[in-house]
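One structure is given below, encoded as structure tokens.
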Amino acid sequence: MTERSEQRSVLRNSAVMAAGTTFSRLSGFLRGALLAAALGNALHADVFNIANTIPNMLYILLAGGVINAVLVPQLVRSLKDDEDGGAAYTARVITLAGTFLLVVTVALIVAAPWVMRIFFDDDFPPEGFDAAVRFARYCLPQVFFYGMFVLVGQILNARGRFGPMMWAPITNNVVSVAVLILYLVVFGADDPHSPTYSSSRELLLGLGSTLGIVVQLLVLIPYLRAAGVSLRPRWDLRDSGLSHTLKLGVWTVLFVVVNQIAYFVVVRLASAGTVGRGAHDTGYTVYSQGFILIMVPHSIITVSLATAILPRLSAAAHDGDWRAMARTWAPNFRTALAVVIPFAALLPLVAARIAQVMFGWGAAKGTVGNYVDTFILFGPGLVFFTAHYLVLRCFYAREENRTAFFVQCAVAAVNVVAAVALVGRADDPAETAPMLTIAYTLSYAVGALISYTVLSGRLGGLKSRTLIRFLARLVIAVVVATAVAAVVLVACDRVVDSRGPLASLVTGLLIGGVDLVVLLGMARLMRITEITDVVETIVGRLRHSTSGNR
């Protein structure tokens, strides 16, 4: 199989996942818009959003790294090497992980006040902190359900069933959207600068958020049964092969600990941004929404590609075929960059319009401009994060978790030092989220450079000359497309007032559409197949869906 035909096969496999992720992200945008309409983007929103984010952070800290990075290669190996096709190994993994997550979740709920204290700045209003603790007790059960969802989804991925895990989060967003609509109907838009909530508001938001994660897990169970995986617990863990997995997991746990320490610093610094209750102050809510925005192309393209190629990378690593690893990885790396670089270049032109469309409603309407700088600054961070993320997949496939840990130490150190320095030097609380975003970008620029250099040495090269030629052509195409889109933006601003949500939507789509058309034309002219192959895959998928509905 040639490199391009192999790449097209990967694209076809990732298209199913990308479709599910696209719908999931769109429904997630609706959730974010409703949340901003109900709570705003200042102190009031930070109380809930930090409390609701911590369960996911703690899940990642305690189990996420092992499940995501270690178990997939081990599950692939058990499928290939075990006489029962990995059935016993999988059952033991479910038993061990489920028990661990349950015990940890109960402990966290009991320790909620102490857990929450480390995430909030000392100047955070006491009544706001008390509300966050109550929210946390409603939300912390998510730790168990997050963990089991990712575990079950990765088991399905290892068996070649990629779609369910990508589509399931839509159910979570549907539940969240329903809860937020009910919140707006019953309570209306809250005061965005208030640190407190009524008990009924806390109950609806807290339990509603957890219900969405529960439903997200439950929809995967039928697919797991259809894949022939038993849910009956197995306690014969001695000599089961799990010890090797846990040894690999030590370095991954350390990796995650370092990463979460950095994120803890970011959250704590962000929590201080809105304490002064200024109209243009930015904190965790603005920062997290910027991160959610850049995760759209990352999740749709990069994660889908990484998930599709990880079994192939693991199989090549199992055989010691480093050339095959590089042959699989390099074109997918270029494909991911072909999507995220144009997106990052377009953000300065459309960030204000995205913010207006998503958040120009309800409690956030008067402070919608608070998002713009953060959205724009996250663009370069997306590019570096994408590069670093894909390199790490090769380290995990090679079981070089120790290497990944030391690289992440550098990323975390740069992030922490830069965040503390930049936020400390900020003259205005409005600069809190943008400064944290710059720190994020600097950290992953360092991480991408180190990880790429190390992996290239380990694999005997990553076709870097091909990459440089590709980047040169891509940059030319992106510059031309963005320049034409900028001309359209100036024309739109002269003709219409695009400050309202509807006008922003129309002009934003026009600017983005022109950018895309010019980019595709340049890609065909300059033979950038990484872009044209993605388009052909999407068009082919749409044609297949259309013909299937006739």
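With a simple spin-label model that places each label point 7 Å from the Cα along the Cα-to-Cβ direction, the separation between residue 106 and residue 130 comes to 3.0 nm. Residues 193, 280, 298, ordered by accessible area of protein heavy atoms at a 1.4 angstrom probe radius and largest first, appear as 280, 193, 298. For residue 409, the solvent-accessible surface with a 1.4 Å probe is about 40 Å², rounded to the nearest 10.
At the residue level, residue 26 shows approximately 100 square angstrom of accessible surface with a 1.4 angstrom probe and all protein chains present.
Looking at the square roots a ≥ b ≥ c of the eigenvalues of the Cα gyration tensor of region 270-310, which shape do they give, rounded for a/c under 1.5, prolate if a/b is larger than b/c, or oblate? Prolate shape, in that a/c is at least 1.5 and a/b is the bigger ratio. Counting heavy atoms of the protein chains alone, residue 321 has an accessible area of about 70 Å² for a 1.4 Å probe.
Between residue 420 and residue 277, the modelled label-to-label distance comes to 3.1 nm, taking each label 7 Å out from Cα in the direction of the beta carbon. Residue ranking by accessible heavy-atom surface, 1.4 Å probe, largest first, among 499, 225 comes out as 499, 225.
The values are calculated or read from the model by the stated rules, or taken from the named source; none is laboratory data. Predicted model, so just to flag it, every value in this text is computed and none were measured. Neighbour counts are summed over all protein chains in view; Cβ atoms, including those assigned to glycine, are modelled from backbone coordinates with ideal geometry. Only protein heavy atoms, including side chains, enter the accessible area calculation; ligands, DNA and RNA are left aside. Shrake-Rupley method; radii C 1.70, N 1.55, O 1.52, S 1.80 Å.
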